[in-house]
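The values are calculated or read from the model by the stated rules, or taken from the named source; none is laboratory data. Remember, predicted model here, so these are calculated numbers, not experimental data. Note that each Cβ is placed from the backbone with ideal geometry, even for glycine, and that neighbours are counted across all protein chains shown.
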């Protein structure tokens, strides 16, 4: 592993730990908003006598409750982050290969793709 790659991996690890707390707060807020919106729709449907719609909304509410548990949120977030980490690793290898070949245009393209993958990883960790 090159020094550049070790630096990137270390940076990625540091970002993981720092963004976990803010990600949990954002997920909780989003779940609360979803739950409140569907609950209001259930009440409206009940008031309008729309039994089929009430059943559908109550099913949606149950799914929100399951997916918005802390383990459910963590699993989704971990899956997104894991995929983005794989993308970063792949882009790092592509960059290293381009550097071995010594072609400046390929190196520049690979650096840009790596930067994009790192940005996506950082964004996934914040969610």
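Against the definition (under 20 Å from residue 126 (Cβ atoms) and either part of a helix (DSSP H, G or I) or over 27 Å from the mean Cα position of the chain (by Cα) (or both)), how does residue 32 come out, yes or no? Judged against the criteria, residue 32 is a match. Answer with yes or no whether residue 106 is surrounded by 12 or more Cβ atoms within 10 Å (Cβ to Cβ) and modelled with pLDDT under 90. Spelling it out, it is not the case that residue 106 is surrounded by 12 or more Cβ atoms within 10 Å (Cβ to Cβ) and modelled with pLDDT under 90.
Considering each residue of region 2-23 in turn, none proves to be farther than 28 Å from residue 113 by Cα, modelled with pLDDT of 55 or more and loosely packed, with under 15 Cβ neighbours inside 10 Å.
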